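Presented below is the structure to which this report refers.
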Amino acid sequence: MRKETICVQGGYTPQNGEPRVMPIIQSTTFKYTDSESMAKLFDLDASGYFYSRLANPTNDMVAKKICELEGGEAAMLTSSGQSANYFAVFNIAEAGDHIVVSSSIYGGTFNLLTVTLKKQGIDVTIVDPDSSEEELDKAFKENTKCVFAESVANPSLIVLDFEKFSKVAHKHGVPLIVDNTFPTPINCRPFEFGVDIVTHATTKYMDGHALTIGGCIVDSGNFDFSKYPDKYPGLCKPDESYHGLVFAEKFGKSGYIMKAVACLMRDLGACQAPQNSFYINVGLETLALRMERHCYNAQKIAEFLEAHPKVSWVNYPGLPSNKYYERAKKYMPKGTCGVISFALKDGRSGAERFMSALKLAAVVTHVADARTCVLHPASHTHRQLSDEQLKAASIDPGMIRLSVGIEHVDDILDDIKQALDA
Ligand SMILES: *Cc1c(COP(=O)(O)O)cnc(C)c1O
């Protein structure tokens, strides 16, 4: 099926007399008539549900829909985008290991990978996403376990060179993990360009209505961990906590996700709530429609801003003047996302006055939902940094992040115009 159809019909196919709408299975536990069948589930010898921390039917149906949208092999939901990225990396890297991470990623993920994972004994090398192949090569070590990047980075909007990154990762025998939150599988399916594992903050466009925090991990099944048994012992060597089961052997292409569920979800418990999965699914049903409108509106607004005399610069990959225009056209011909960043000639004080004058666009710490919103990184998310430190982090003190919603584009434009006049 095509992506638009999967959005509506994927993940759940009711049988005769069953509910037409994906049901919410609001139950922590599942009933069995004999002790033996429950024991088999605990040993991962049979598939089935027994406790919703590990698996829940509603969560699984939503994960299956996202898996189908990405063209993957297996998927799981998590309680947030943060836990999705944490599990995706920690599933194959542990104390004493090393990972390679793009410098241009979401602030929360940057903190997770460079501060918190470091405290857990995982060493990190940061690379510029625009590094040459030779420069990237130098980042790898004996104990490197994966490469992590974002398809369209939040908030820099740098479009990843998927083929370069996957080529280098594979040359060094490690998978490439990509956070695909901003373009969503509607605009980009990273597996088609060599990416091995995709993560999402479903919190953003997938939910699309700012209702619920959530995450998802999808494995393409393409990276053959069993080729590197010494490098990935957690997947390729007997697991003590499951009577010596070998995940890559027993579950093949689903081994990576099975391990993340059976070990990380079991022990760390960052599971999604079935009620929240239901909301995510309602959002997913209109994802294809919404992404089209987000991109249409953002394109018009980026063009308007670029031509406005009070605006000093606009960053949107859909503008021919953008450094990533050609790359975005190649990997995301239907558009990237609805997020734009720009600055006014009046700098920081101009940004503050502009934002206070907006009426339709709200000032919120969120991006990628149906309602247009703005954020001023220098006064909000990066408030602790001095102007000098902002410069070092490539953040213009006057930079405004605008997340274009799906209202009528003329109403958004009118609001921006009156705020610029004010
Ligand atoms: C928001 C976001 C996250 C974190 O998601 P939460 O659901 O807020 O934990 C991760 N990656 C990207 C690209 C994001 O935009």
Handout entry: Restraint check, 118/253; 3/259; 145/259, Cα-Cα greater than 18 Å
Key = 118/253; 3/259
Handout entry: Centre separation in Å (Cα based) which lies between region 252-326 and region 381-399
Key = 24
Exercise for the section: Take the alpha-carbon positions of the chain, form their convex hull, and give its projected area averaged over all directions (one quarter of the hull surface) in nm². Expected result: 21.1
Completion exercise
Between residue 125 and residue 13, the two model label points (7 Å from Cα along the beta-carbon direction) sit apart by a distance in nm of 4.6
Handout entry: 22 Å Cα-Cα threshold exceeded, pairs from 164/237; 310/417; 167/227
Key = 164/237
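Taking trypsin sites (Lys or Arg not before Pro) as candidate sites, keep only those in a DSSP loop with at most 14 other Cβ atoms within 10 Å, then name the longest stretch of the chain containing none of them.
So the longest stretch without any such site is 142-309.
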Fill in the blank from the handout: Burial-style ranking of 45-51, 80-86, average other-beta-carbon count within 10 Å with highest first, yields 80-86, 45-51
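None of the figures in this text is laboratory data; all of them are computed from the coordinates on show. Because the structure is predicted, anything quoted here is derived from the model rather than measured. Every residue, glycine as well, gets a Cβ built from its backbone with ideal geometry; the counts of neighbours run over all protein chains shown.
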